[in-house]
Structures are given as structure tokens and as C-alpha cells.
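Scroll down for the structure; my scribbles are underneath it.
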């Protein structure tokens, strides 16, 4: 192959997904490029090959490809000069990949660390990323004192173009703190990421998973619930984030949500047999899975079918694999730190009896006592009397003093764990929701109470479960906690018929759509807006909401490139606004539709025609209405821009 053929083939490879096929083609291209005279081309192929090995889980092959790249870079600085930043940036990631690779001896890793350090110093780069990687290696091999010391130096070093983004850095800082037993310190590092202030391509995805158990251990159970509801959809379909998926399963296992954990595992059952994945990711995934499987076995559910076996057989097989992986790391590290760390993770006991998530999943269970645990009559009656007195006080105060009602109801629920029958507790929980909903600025408290109320109604009343799940979703929506809102809206709307009239259900779907929009899930948002609008087609009293929904659907459709559907939705919204006499809103929808037509290839002239028609309609109104005059001026100005754009492309 000559240089032109190699270059063309390299462009084709860029479109392939990471995996063996991609790396095999790159290996072929690397061999061909080596026999040619274009060292810059060979460098490009080798850089892509090293990245492909990394993403395909073949990190033990990276040093060979990258070692060749570094020799070319040193021998031909003029030809590869334009790749300087890329070479040094990826050298950092090559070194990072070695930290979790048990196939490489520590002496080899140390040499690469020295190489990275030397090259960064020569180029004048900050030692910050090198120090951070040294901290990570020390943490992995169990040298906690060195890990803390290296991290302190890394944080003090200046940032520059070779530094990881702030979100990624904070992710590692938090992991180190938690590994040292400092959950509070870890959460402090992660806070800007958890709050959405610092993000990147893989954050907050990883941090939301890493923070689950520290949040529970520090008593932030509502935040832990939110991290699961928001974080799992972010990692659900990403193979590179398998350890994060496993962290969500582990969280479910340790918070009384084993059924939810099994649901997640079943969805990823094909990963169970994929033992060829990167060793570090495989160990993290298998360990998280086994925490869940051990819990299921403890609940006498080892015979449940799973993948091609049962919960117990899969657990046994994975634990053998975990032992072998730990042995590889221990041999490399010269100590048993990985084995001990993994054993401690596997032996973890539940942190909570149950943390209601608002997502229902059920496990088959043997017949058990009713929800009351013990009948109220078994307490021959002081506590039962006090609980019912508090419940009555709470009910009496609901209408006039909801703050007092809340206090009484919370106390009754706390005292009544072993006293109240299932339906009694559920009704108290529902009353608590009403009490909190009657108070301003309590959205997150309302969401928490509603999730717990929904859990109490499970097995008693499906409509009450769905209602309280929606109440929680709407509260999260109003609090702009859109990840949690979407998870609960989605669950409730898929679970069954929500017991609301069509007008109220349209409002629910509208809120669902707005939360989806906030997460940049515009295609799904459009579906919700369109369905909400359909529910209002025969409700003349809600024409304004109908018009707003059609407009929202049009905007979402435009975001996802469905121009024809967006034009139709804009026109439908304009028609509805016309019926309400809303001049400005109608004009804006018509202009938006016109722009889509003008910018499209199908029928740009019809867009110009619709603008001229709108001008003719607005002109007689302009003398009587300042609003119409303003819209007329806007329409004329935009029509002029459309014509200029057409002239420029003619």
C-alpha cells in the first residue's frame, strides 16, 4: 500500500466501532506504513492503534505501539512536530492504562512513569498529571500514605494544557479520599461534579456511581437515591463504564433494592460471560455483581434463573474468576492489597433495610408475615395508643396548620413501625405528603415523602402507588432535578394507567417533556409533548395549554432534525394561537416554520410566501396594536434576511 492508500484506509477505520476488527485493520496499516517513507503517516496510524487497543480492552498491547511512536517522534521531530500535543497527551493515558494492567510488572510501569515525567519536564509541562498518576498507582497497590502524599503534591501543582479536566481530576481525588476511609472528604471533592457545575464526556457518569455508597454511609440517603436515578441512565448503555453499572447494582444490593439490582443485571447479562474485557474493569464489574448475587443467595433466591445458569451458579463462577484476577494483581504488586480490598467489598452487609427508589421491582419470596410485622394488638397497647393519638392530631391539623400536621405524622410513622398495619402506615404516609405539599418551597422533602408513600402502597393499591410516584416526579421537576424527575415519570407512565383525567395527565406529560428537554433528550421530549397535545384535542377549555404543547413539540422536533414534523407542529400551534387571538405567539410559530422551509432543500419558496402572507395579515392590525406592530417589524426584518441568504447562495 502506498501513502495515499494508507491514508484513505485510515479515514475508513475512523468510522469503525472499537473492537478487534478495528484494531486488526490498524495493525495491518501500521505494518504497511512502517515499510514506507512517510513517518508522519506512520505516527498517525500508531497513535490511532494505541487508542484502539485501549478502548478495545487490550491495554497490554499499548506499550508496544506507543513505544514505536515515541521512537519515531524522537528521530523525526520535524515530520511529527504537529503531533507534539497529541503524543504527550496520550502518553499520559498510556501510562494510566498500565496502572490497572496486572500483566505489566511494576518495574515496567515505573520506567514509563519516569519517561512521562522526563518528557513533560523537557517540554515545560506541569508535573500535575504525572503526580496524580503516581497517586493513583500508590492507591492501587495499597500504599495509602504515598497515595495521599502524591495527591497533595498534584493538587498543589499548576494546571496547564496537559492537565485533565476539573471534573475528571475531582473524580480521582474523591476516589482516593474514600479509599482512605474519608467519605466526607471524597464527597467534598465530588460536590461540583454531583451538582452539575463540572462536567465532561464521562462525568458526572462515573462520580454519580462512585458516590452512591459514601452518600448512604454519611446519611445522605435522598441524595443517594438521586444519584442512582440520575446516574444509571447515563452509564446504562456504555460498555466502557461497566464498573459504574456494577456500582449501581452494588448500591441496590446494600439498600434493600435487590430486585432493582437483579433487573439491571438481567439487562446486562451478556456482560457476565465477557471475561476478555480489560482486567481492572472486569474485576470491578464482577465484584459489584457478586455483592448483589450474594445478597440474593442470602435471601434464599440462589435458584433463580440468570443468564445460562442460576444466581448461585453464576455467583460461584464469578467468584472463581475474581480470585484469579486478584491473584494476578497481588503477584504484580507483591502484596495482598487487592485481594483484601475485594474481599471486604464482597463481605459488605446491607447499609439500610430499604431505601425506596420510586422504581418498583419485585422478587419472588416465600410467604411472609403482613407488612405490619406484628399485629398492633401484640403491643397489650401504650405505643399503639400513642401512635393513633398522633395520627389523629396530624389528620386534624392538615387543613389549617400543615406544619404541625407534618410533625405529628412524622412522629406517628417513626413510632409505628411495628404497630401500624400496612394500610394504616400507607394512609399516614399519604397524609404526610399532603401536609408537606401544603407548604411552600418544600419540593425535595415532598419528593422524598412521596417516594416513601408509594413504597408503602405497594401491594395494597396500584393507583396510589402510581399517584405518589407522579407526585414525586413532579416535585423533582419543579426543583429542577431533572434526572430524578425523568426516571420517575418514565417509570410511572410505563407501569400502568395513571388515575388522572386527560387534562391533568397532559400536564404531567408536559412536565415530563420539559425535564427530558433539560437533559437534551429532545426526541423523547417531542413524543411527550405530542402525546400531551393529543390528550387535549377535545378539551376547548385548555386550548392555551394545547397550543403551548404543540409549540414545545415543534421546538423539540426541530432540535432533533425532524424538520417536516416540526413545520407541521409549528403550523398546528399557530392555528391554535389564532383561535385564542394570540397575535405574537401565532406570528412566532409561523416565522419558525418559514425558517425551516427556507433553510431546507425541499420547498424554500413556500417559506418566503408564508412570510409575505403573514406581513399582509399583520399590516392592518399594526395601527391598532403595539404588539402587532412589533411582530410586523420582526417579520419584515426576518424576510429581508431570508432574501439576503437566498441571494448569497444563488
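Can you name every residue in segment 525-537 that is part of a loop (DSSP other than H, G, I, E, B) and buried (at least 19 other Cβ atoms within 10 Å of the Cβ)? Quick ask: steps written out before the conclusion?
We begin by selecting, within segment 525-537, every residue part of a loop (DSSP other than H, G, I, E, B); these are 536-537.
Within segment 525-537, 536 is the sole residue that qualifies.
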Query raised in the report: Checking residue 188 against (1) crowded, with 16+ Cβ neighbours inside 10 Å; (2) closer than 24 Å to residue 341 by Cβ, which single condition isn't satisfied?
Result: (1)
Query raised in the report: Given 265, 296, 292, which one is part of a helix (DSSP H, G or I), more than 20 Å from the chain's Cα centre (by Cα), over 27 Å from residue 141 (Cα atoms) and modelled with pLDDT of 95 or more?
Result: 296
Requested in this report: Could you tell me which of the residues 48, 79 is crowded, with 16+ Cβ neighbours inside 10 Å and within 37 Å of the chain's Cα centre (by Cα)?
Outcome: 48
**Report entry** Subset tally (residues that are outside any helix (DSSP H, G or I) and under 15 Å from residue 571 (Cβ atoms)) for segment 603-629
**Finding:** 1
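Out of everything in segment 13-33 that is without any contact (Cβ under 8 Å) to a residue 12 or more places away in the chain and in a helix (DSSP H, G or I), what residue ends up being nearest to residue 79 (Cα to Cα)? If you could, list the steps in order and put the result at the bottom.
Initially, segment 13-33 is screened for residues without any contact (Cβ under 8 Å) to a residue 12 or more places away in the chain, giving 15-17, 21, 24, 28, 31.
Going one step further and asking which of them are in a helix (DSSP H, G or I), we end up with 21, 24, 28, 31.
Details: 21: 29, 24: 26, 28: 22, 31: 19 Å.
Applying the filter and picking the extreme gives 31.
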Query raised in the report: Within the group 643, 634, 586, which residue is over 28 Å from residue 542 (Cα atoms) and without any contact (Cβ under 8 Å) to a residue 40 or more places away in the chain?
Result: 643
Query raised in the report: Which condition number does residue 255 fail, the rest of (1) under 20 Å from the mean Cα position of the chain (by Cα); (2) under 20 Å from residue 347 (Cα atoms); (3) in a helix (DSSP H, G or I) being met?
Result: (3)
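Touching a residue at least 12 places away in the same chain (Cβ under 8 Å), buried (at least 16 other Cβ atoms within 10 Å of the Cβ), within 37 Å of the chain's Cα centre (by Cα) and assigned to a helix (DSSP H, G or I): is that true of residue 430 in this structure? Before you say what the answer is, go through the steps one by one.
Numbers: touching a residue at least 12 places away in the same chain (Cβ under 8 Å): yes; buried (at least 16 other Cβ atoms within 10 Å of the Cβ): yes; within 37 Å of the chain's Cα centre (by Cα): yes; assigned to a helix (DSSP H, G or I): yes.
For residue 430, the condition - touching a residue at least 12 places away in the same chain (Cβ under 8 Å), buried (at least 16 other Cβ atoms within 10 Å of the Cβ), within 37 Å of the chain's Cα centre (by Cα) and assigned to a helix (DSSP H, G or I) - is met.
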Query raised in the report: Of 188, 167, 224, 211, which residue is under 18 Å from the mean Cα position of the chain (by Cα) and without any contact (Cβ under 8 Å) to a residue 40 or more places away in the chain?
Result: 211
Requested in this report: Could you tell me whether residue 449 is under 23 Å from residue 362 (Cβ atoms), without any contact (Cβ under 8 Å) to a residue 40 or more places away in the chain, surrounded by fewer than 17 Cβ atoms within 10 Å (Cβ to Cβ) and over 20 Å from the mean Cα position of the chain (by Cα)?
Outcome: no
**Report entry** The lone exception for residue 597 - which of (1) part of a helix (DSSP H, G or I); (2) at pLDDT below 95; (3) surrounded by fewer than 16 Cβ atoms within 10 Å (Cβ to Cβ) it fails
**Finding:** (3)
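For segment 570-582, check the following and say yes or no: at least one residue is out of contact with any helix residue (DSSP H, G or I) (no Cβ under 9 Å at 6 or more places or on another chain) and surrounded by fewer than 24 Cβ atoms within 10 Å (Cβ to Cβ). Give the derivation first.
Taking segment 570-582 first, the residues out of contact with any helix residue (DSSP H, G or I) (no Cβ under 9 Å at 6 or more places or on another chain) are 581.
When the remaining residues are screened for being surrounded by fewer than 24 Cβ atoms within 10 Å (Cβ to Cβ), the result is 581.
Within segment 570-582 (the criterion being out of contact with any helix residue (DSSP H, G or I) (no Cβ under 9 Å at 6 or more places or on another chain) and surrounded by fewer than 24 Cβ atoms within 10 Å (Cβ to Cβ)), the answer is yes, since at least one residue qualifies.
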Query raised in the report: Quick check: is even one residue across segment 512-524 over 24 Å from the mean Cα position of the chain (by Cα), part of a helix (DSSP H, G or I) and closer than 20 Å to residue 592 by Cα?
Result: no
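Counting only residues that are in contact (Cβ under 8 Å) with a residue 40 or more places away in the chain and over 18 Å from residue 644 (Cβ atoms), how many does segment 604-629 have?
We begin by selecting, within segment 604-629, every residue in contact (Cβ under 8 Å) with a residue 40 or more places away in the chain; these are 604, 625, 627-628.
Now narrow it down to the ones that are over 18 Å from residue 644 (Cβ atoms): 625, 627-628.
Qualifying residue count for the region: 3.
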Report task. Would you check if there is a residue in segment 269-281 being at pLDDT 95 or above, under 16 Å from residue 205 (Cα atoms), in contact with a helix residue (DSSP H, G or I) (Cβ under 7 Å, 6 or more places away or on another chain) and assigned to a helix (DSSP H, G or I)? Result -> no
Query raised in the report: If we scan segment 488-497, do we find a residue that is at pLDDT below 95, part of a loop (DSSP other than H, G, I, E, B), in contact with a helix residue (DSSP H, G or I) (Cβ under 9 Å, 6 or more places away or on another chain) and under 25 Å from residue 437 (Cβ atoms)?
Result: yes
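The values are calculated or read from the model by the stated rules, or taken from the named source; none is laboratory data. Quick caveat: nothing in here was measured; it's all calculated off a predicted structure. Methodologically, a virtual Cβ is constructed for each residue, glycine included, from the backbone with ideal geometry; neighbour enumeration extends over all protein chains shown.
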